[in-house]
Amino acid sequence: MKKSIFGGLFRPRDKPKNRVGGGWSFLFGGTTSGKAVNERTAMQTSAVYACVRILSESIASLPLHIYRYTKDGGKERTVTHPLYRLLHDEPNNEMTSFVFRETLMVHLLLWGNAFAQIIRDGRGYPIALYPMLPDKMDVDRNKSGELFYTYQTDNGKVMIQRENVLHIPGLGFDGLVGYSPIAMAKNSIGMALATEDYGAKFFANGANPGGVLEHPGVIKPEQAERLRESWQSQFGGTNAHKVAVLEEGLKFHQMSIPPEQAQFLETRKFQINEIARIFRVPPHMVGDLEKSSFSNIEQQSLEFVKYTLDPWVIRWEQSLQQALILPSEKSNVFIKFNVDGLLRGDYQSRMQGYSTGIQNGFFSVNDVRSLEDMNLLSEEEGGFTHVLNGNMVKLRDVGAAYSSNERDDI
């Protein structure tokens, strides 16, 4: 068959650049600080652990519901859809919805990808979701250009079709596979690990710097080594600050702490902010209150929802929608997290907002009671009635009303 003239112009789509498993070997491992960094050693840093925990628990605690579009253009929650129990209650018989979402979010934050196997019934509806470790997953493309997944189990590799995998990718270069934030920020995290290690060793030595033992005479190298070991065993570590008795004219000269070493607490503090910046978490949420006050901490919390959580929420919603909703239902069924509870202000601000909404007709009493998690009123009690402040009239009618009153006076 003659080759098409367009064959050299159009090529099949490239395979995904998988950086999930062994592909990260060039990034994970050694750093300029000398500390090995990977997703597990990174969690030993308190700032990384705090950021991962805050984000994963926030996503896991958000209400997650299935909605259906109504004929009048509105939406209604549907609790009878097969997906509702999986996402809202328990995705499998071993996990709750909170634990499942928390686990996937941890994978997403550490490896840059989250995977779950989808078990379907004969109609194609998902009946169970099981998390899979990202470092055991490979993403590839067959000759037809279709994606498929290969998972490394204890019994060998298993190929899984794309429709049976829930894949939530993080930030990446090809839009198909995410890159690990830990690998991208390995030097910053490595420096935090090195600083913590230095502090641990410093205080294990009783917060004392090294010193020099001066002997008035000349001693052999082996004698000097025995003297050093004897001194370290008696007055080092847990024995620091004990009273020493020097014999044979020995003198101890304590070394001062270099200024750059004395600043390691400031270095640790900077690394906390650096790691918080990587995960876009406000410093006050990881314990740094230096730039937080009573007047701005609520605003910072709202910004956390808007600029940090919202992108993750959208990433989750669209991935769940793409993988779990059947093609025949995608036009009228959708999945949505509810972040309204996190955006609520203090009690006085909420009440003022509700009052404005009721007086202007776009809130009913039951709308407010629902937002405050209160029982709804019946129709006879006026719970569903929308009212409008009757004292307001159109500007053009003000003159007409005034003229009418003048005629009545005559």
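The values are calculated or read from the model by the stated rules, or taken from the named source; none is laboratory data. Please read these numbers as outputs of a predicted model, since none were measured by experiment. A quick note on method: Cβ atoms are made from the backbone with ideal geometry, for glycine too, and the neighbour counts reach across all protein chains shown. Ligands, DNA and RNA are excluded from the accessible area calculation, which covers all protein heavy atoms including side chains. Shrake-Rupley method; radii C 1.70, N 1.55, O 1.52, S 1.80 Å.
Pairs are defined by a Cβ separation below 6 Å, a sequence spacing of at least 6 or placement on different chains, a first member in the stretch 97-119 that is under 16 Å from residue 160 (Cβ atoms) and modelled with pLDDT under 95, and a second member that is of a type in the set (Lys, Arg) and open to solvent by 10 Å² or more (accessible area, probe 1.4 Å); no pair meets this definition.
Residues that are of a type outside the set (Gly, Ala, Ser) and open to solvent by less than 10 Å² (accessible area, probe 1.4 Å) within the stretch 158-181 comprise 165, 166, 168, 177, listed in sequence order. When 116, 128, 183 are checked against the criterion of being touching a Leu at 6+ places or on another chain (Cβ under 9 Å), over 29 Å from residue 88 (Cα atoms) and among the hydrophobic types (A, V, I, L, M, F, W, C), a single residue qualifies: 183.
Taking helices (runs of 4 or more DSSP H) as the structural unit, those lying wholly within the stretch 262-374 and holding at least 3 residues that are β-branched (Val, Ile, Thr) and at pLDDT 75 or above correspond to 264-279. For beta carbons closer than 8 Å, sequence separation of 6+ or different chains, a first residue in the stretch 139-153 that is basic (Lys, Arg) and a second that is open to solvent by less than 30 Å² (accessible area, probe 1.4 Å) and in a loop (DSSP other than H, G, I, E, B), the qualifying pairs are 141/16.
Being modelled with pLDDT under 85, out of contact with any Pro (no Cβ under 9 Å at 6 or more places or on another chain), buried (at least 18 other Cβ atoms within 10 Å of the Cβ) and not in a strand (DSSP E or B) is a property that does not hold for residue 15. Considering the stretch 139-152, and only residues there that are in contact with a helix residue (DSSP H, G or I) (Cβ under 9 Å, 6 or more places away or on another chain) and open to solvent by 50 Å² or more (accessible area, probe 1.4 Å), the residue that is nearest to residue 182 (Cα to Cα) turns out to be 152. Taken together, the residues in the stretch 83-122 that are assigned to a strand (DSSP E or B) and open to solvent by 40 Å² or more (accessible area, probe 1.4 Å) amount to 4.
Among the conditions (1) touching a residue at least 60 places away in the same chain (Cβ under 8 Å); (2) crowded, with 19+ Cβ neighbours inside 10 Å, residue 69 misses just one, which is (2). Scanning the stretch 35-69 for residues that are assigned to a helix (DSSP H, G or I) and of a type outside the set (Gly, Ala, Ser) returns 39, 40, 41, 48, 49, 51, 52, 53, 54, 55, 57, 59.
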